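Below: the structure, in structure tokens.
The values are calculated or read from the model by the stated rules, or taken from the named source; none is laboratory data. For clarity, every value in this text was computed on a predicted model and none was experimentally measured. Here the Cβ positions follow ideal geometry from the backbone for every residue, glycine too, while neighbour counts run over all protein chains shown. Note: accessible area is taken over every heavy atom of the protein model, side chains too, but ligands, DNA and RNA are not part of it. Shrake-Rupley method; radii C 1.70, N 1.55, O 1.52, S 1.80 Å.
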Amino acid sequence: ALRPGEQISVGTLTVLFTDLRNSTQLYREIGDATAFGRVMSHFDVVKKSIAEHDGAIVKTIGDAVMAVFRSAADGLLAMLEVQRALAKPSDGSRPLQLKAGLNTGPCIAVTLNDRLDYFGSTVNMAARLEGLSCGADVIISRSVYEDAKVQELIESDQFSAEPFDMTLKGFEDERFELWRVSRR
């Protein structure tokens, strides 16, 4: 951990943002206590998969997660596995959909509130990508798509990658080439 106020530039990290789709509706439909239990169970699935794929959770915000990975392919695999597990819960409970966005690039690492946190354009873009996900896909940036191991995954016929381009909030002066990755 860094001393408070100290900054370092981090080489390249893959940043993940997730958010449960329709969680407000879930709370209204099944009640606060039951919904909260489901949200906590979803965190268990997310945390396990992130750890198994050499990632680290940076923080949770409500029912959302911010995490980092050294490998873009690990981040993508982790999220596709989580989405599959949440869509078909082993306990027979109501399926959940997890929106996810991944971006790779340089970040600024800072210790805040005794925890390591990340900032910068790479992080901001990853947060925007999550909002484009429908919950059965992972939205990835060009930097993730061009990763050699991600290319191998996409070419393996287990996954599809649909390209699209658009501007993103906060980045209006540029159009970004993005991909919607899902299991076949």
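Some observations on this one:
- Rounded FRET efficiency, nearest 0.05, which uses the C-beta distance separating ALA56 from PHE176 and R0 of 22 Å: 0.30
- Across the stretch 34-49, computed HN-Hα scalar couplings (Karplus, 6.51 cos²θ - 1.76 cosθ + 1.60, θ = phi - 60°) run 5, 5, 4, x, 5, 4, 5, 5, 4, 4, 4, 5, 5, 4, 4, 5 Hz from first to last residue, x flagging Gly and Pro.
- Residues whose amide H comes within less than 5 Å of that of ASP147, counting only those at least five positions distant or on another chain, are absent (H built at 1.01 Å from N in the peptide plane).
- Average accessible surface area per residue within the chain, 1.4 Å rolling probe, Å²: 53
- For the stretch 80-184, the list of GluC sites (Glu not before Pro) that fall in a loop by DSSP and count at most 10 other C-beta atoms within 10 angstrom reads GLU172, GLU174.
- Relative contact order for the stretch 15-108, counting Cα pairs under 8 Å that sit 6 or more residues apart, in percent: 39
- Carbon + sulfur, % of accessible area of the chain - ligands and nucleic acids excluded, 1.4 Å: 49
- Cubic angstrom per residue, convex hull over Cα atoms of the stretch 47-122: 106
- Relative protection proxy for 26-32, 40-46, from highest mean packing down: 40-46, 26-32 (other beta-carbon atoms within 10 angstrom).
- Residues LYS88 and ASN113, FRET efficiency given R0 of 35 Å [Cβ-Cβ distance, rounded to 0.05]: 0.45
- Alpha-carbon centroids, the stretch 13-46 and the stretch 105-184: separation in whole Å: 21
- Here the contact order of the stretch 90-155, divided by its residue count and restricted to Cα pairs under 8 Å and six or more residues apart, works out to 38 percent.
- Helix content alone sets the calculated 222 nm mean residue ellipticity of the chain: runs of n ≥ 4 DSSP H residues at -39500 (n - 2.57) each, divided across all residues, give -11000 deg cm²/dmol.
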